[in-house]
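Presented below is the structure to which this report refers.
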Amino acid sequence: MRARIGAAFLALAATALGGDGAAGGVPQNPLDPFMLYSPNASTLRVVPLRHGQLPDLEQGTALQPSCGKGVDPKQPVVGVILHEGAILALRDGSEPGFSRFEFDALGQWREVAVGAWPRGWYVAATADLDRDGRDELLLARRVQPQGYSAYRVKVATPSQDGGYDFTQPEREVYASTWFATFTLGDVDDDGQADLVFHQIPHGGPSPLRVEFHSGRGDGTFAEERRLLLSAPEAAHNLVLADFNADGTLDLFLPPDDDVRDFGQAHLALSQPKGPRVLAPSLDLRPAGESWGTDNGAFFAVATDVDLDGHLDVVARFTSWGRGHDYSYEVFRGHADGSFGPAERLTQGAPDPGAHLPTFGWIPGL
Ligand SMILES: [Ca+2]
Ligand SMILES: [Ca+2]
Ligand SMILES: [Ca+2]
């Protein structure tokens, strides 16, 4: 299993080269697996992952993405690892911008493209939707900055020059809601990644209702809106990954901030026959066993942090109103849907002047 994820990562890079990569596309990526960490607002550190251990955030190569002249130096750079082995860096400002890095033949990360980024859109997920060896970006946008809002998504497709085509049509997934979250993954098991989403329609407790538009395999999605999963309590984001290693995606659900048991996550595991079964999973705050009203938000990703071939959960908690009071914890996966105890990766203090780091992980799909 160790080889599976590492090999998949390299294989995707090799696939890109074998396609049209030789004609000016993506160079073959001989990289060892890494993650991204921002020690300050303008730097992305390429931190090597370590077998059997958590990464040392002090190690690695520092990149300073330019992202164009209109970015705000105080806005934190956000790094996204693409499946073809490239890095996308995003930054906000008077003119939001992006930089793309690729690994060159000299063994160094090189900034190969810089361009303008459409204001207000964030990267919700990436996947090679049309199988050309490069990731498409699922962009999402909250139309109104505060209160109830429409949420829209669109797909940005990569272009040969390292940039993106942002002119694809927008789809309004929710007309007016409090919060919505989006991801990509093949949840109807037809081999094509689907657009998967969930909303929290108002403040206070609300139920979970995860829906999807089936992917067509060309970067577009079917019109029909289908129900994937419903449950009594909402989740903050959707983590699609194969935690029990049976070839079918499972759904990990970090809790909303209004749930009966503060920090209680759930996992819908695939079964040998029949639909996924939802059950309590990690308790991200075992000391808090009562209502978790308005403490803050949990967010999670799935990735193999320690390179043992088993997908792990990295969970972030950010305190509401004290944005620099945060923690990142790793729960190492056992490849059967269970996880080990919390291991602290890093944490911050309630200091509004401190840098709030951003992380980028090799996606666990
Ligand atoms: Ca599908
Ligand atoms: Ca599974
Ligand atoms: Ca692992």
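Okay, residues lined up against (1) touching a residue at least 24 places away in the same chain (Cβ under 8 Å); (2) buried (at least 16 other Cβ atoms within 10 Å of the Cβ); (3) in a strand (DSSP E or B); (4) in contact with a helix residue (DSSP H, G or I) (Cβ under 7 Å, 6 or more places away or on another chain):
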| position | (1), (2), (3), (4) |
| --- | --- |
| Asp161 | yes, no, no, no |
| Val187 | yes, yes, no, no |
| Gln199 | yes, yes, yes, no |
| Phe212 | yes, yes, yes, no |
| Asp218 | yes, no, no, no |
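Which of the residues belonging to the stretch 225-254 are closer than 24 Å to Glu172 by Cα and within 16 Å of ligand 3 (Cβ to nearest atom)?
Listed by number, the list holds a single entry, Val239.
When the stretch 125-139 is examined, which residues are found to be crowded, with 21+ Cβ neighbours inside 10 Å and not β-branched (Val, Ile, Thr)?
Within the stretch 125-139, Ala125, Ala127, Leu129, Gly133, Arg134, Asp135, Glu136, Leu137, Leu138, Leu139 qualify.
Are any residues in the stretch 280-322 under 16 Å from Glu233 (Cβ atoms), in contact with a strand residue (DSSP E or B) (Cβ under 8 Å, 6 or more places away or on another chain) and among the hydrophobic types (A, V, I, L, M, F, W, C), and if so, which ones?
Leu282, Leu284, Ala297, Phe298, Ala300 - these are the residues of the stretch 280-322 that are under 16 Å from Glu233 (Cβ atoms), in contact with a strand residue (DSSP E or B) (Cβ under 8 Å, 6 or more places away or on another chain) and among the hydrophobic types (A, V, I, L, M, F, W, C).
Are any residues in the stretch 220-237 among the aliphatic types (A, V, I, L, M), more than 15 Å from ligand 1 (Cβ to nearest atom) and in a loop (DSSP other than H, G, I, E, B), and if so, which ones?
Result: Ala234, single match.
Residues are listed down the side, and each one gets a yes or a no for (1) at pLDDT 90 or above; (2) farther than 22 Å from Ile81 by Cβ:
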| position | (1), (2) |
| --- | --- |
| Arg260 | no, yes |
| Leu269 | yes, yes |
| His324 | no, yes |
| Gly333 | yes, no |
| Thr358 | no, no |
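What residue, among those in the stretch 192-224 that are small (Gly, Ala, Ser) and within 17 Å of Ala125 (Cβ to Cβ), is nearest to ligand 3 (Cβ to nearest atom)?
Only one residue fits best here, namely Ala193.
Name the one entry in Ala11, Ala62, Ala89 that is at pLDDT 95 or above, under 22 Å from the mean Cα position of the chain (by Cα) and more than 26 Å from Leu139 (Cβ to Cβ).
Ala62
Filtering the stretch 163-185 down to residues that are without any contact (Cβ under 8 Å) to a residue 40 or more places away in the chain and among the hydroxyl-bearing types (Ser, Thr, Tyr), which residue is farthest from ligand 1 (Cβ to nearest atom)?
That would be Ser176.
Taking the stretch 279-309 only, how many residues are at negative phi, assigned to a loop (DSSP other than H, G, I, E, B) and not hydrophobic (A, V, I, L, M, F, W, C)?
Residues in the stretch 279-309 being at negative phi, assigned to a loop (DSSP other than H, G, I, E, B) and not hydrophobic (A, V, I, L, M, F, W, C): 11 in total.
Okay, residues lined up against (1) of a type outside the set (Val, Ile, Thr); (2) touching a residue at least 24 places away in the same chain (Cβ under 8 Å); (3) in contact with a helix residue (DSSP H, G or I) (Cβ under 8 Å, 6 or more places away or on another chain):
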residue	(1), (2), (3)
Pro254	yes, yes, no
Gly263	yes, yes, no
Arg276	yes, yes, no
Gly292	yes, yes, no
Asp304	yes, yes, yes
Leu307	yes, yes, yes
Asp325	yes, yes, no
Glu329	yes, yes, no
Ser338	yes, no, no
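The values are calculated or read from the model by the stated rules, or taken from the named source; none is laboratory data. Keep in mind it's a predicted model, so treat the numbers as computed, not measured. Quick reminder, even Gly has a Cβ in these numbers, built from the backbone with ideal geometry, and neighbours come from all protein chains shown.
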